[in-house]
Amino acid sequence: MAVWFRSEAWRLRWLPLLTAAAGVAAVYLLQEVAFLRRHALLLALLMGLGFFLPTVRHRLLILFAYGLGLYFITKSVATWLGLPIGGLGAIEQVLWLPLGALCVVSALGMGRRRPPEWSVALLMVALGLYFANFTYVHYQLNNWLQALAGVGLMGAALWHAAVVWAEGEKTRESV
């Protein structure tokens, strides 16, 4: 049992998946607390500071992909089933299920010792599609600031996916 806890599969696949599941459950519970809901962006930015530490960046990216995928999937399924934690619109309830699947597949790809380029590119494509929907929703609501932010975030995510993919192509051609 101790060998399994020290294994690469436990560290890079199972532990992030279990931690992400606990995190998603915590998000559903904590989003009901008014103080945390008002300061959610600040809390997310503070938690995201770990991405600047190279020693934990890879593990945090795996955890982020699992957590985002589980959140998208549970929100979509809950909306389809009419559960109170759902509440997505017509477009989101269809879009979020495949986006969640893309994030989970990306996390599985990143859960290797040497993650392939496609895993990060796939996560960035999923984020780009999410922000495209975000932009459209806020454009329809006439929230121009959020729509402009969505365009920028969508462009950044898709640009990053293209750069990762292009660098992977160069690496494969040189080998």
Some residue of the stretch 139-156 being closer than 20 Å to residue 99 by Cα, modelled with pLDDT of 90 or more and among the hydroxyl-bearing types (Ser, Thr, Tyr): no
Selection within the stretch 120-145 - more than 19 Å from the chain's Cα centre (by Cα) and either small (Gly, Ala, Ser) or more than 24 Å from residue 73 (Cβ to Cβ) (or both): 139, 140, 141, 142, 143, 144, 145
Residues (under 25 Å from residue 7 (Cα atoms), crowded, with 18+ Cβ neighbours inside 10 Å and β-branched (Val, Ile, Thr)) located in the stretch 104-146: 104, 120
Residue within the stretch 68-80 that is open to solvent by 30 Å² or more (accessible area, probe 1.4 Å) and more than 18 Å from residue 21 (Cα to Cα) present: yes
Scope the stretch 81-103; condition surrounded by fewer than 20 Cβ atoms within 10 Å (Cβ to Cβ) and among the aliphatic types (A, V, I, L, M); matching residues: 81, 83, 85, 88, 90, 91, 94, 95, 97, 101
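The values are calculated or read from the model by the stated rules, or taken from the named source; none is laboratory data. Values in this document were obtained by computation on a predicted structure and should not be read as measured data. With ideal geometry, Cβ positions are generated from the backbone for all residues, glycine too; neighbour counts draw on all protein chains shown. These accessible areas exclude ligands, DNA and RNA; they are computed on the full protein's heavy atoms, side chains included. Shrake-Rupley method; radii C 1.70, N 1.55, O 1.52, S 1.80 Å.
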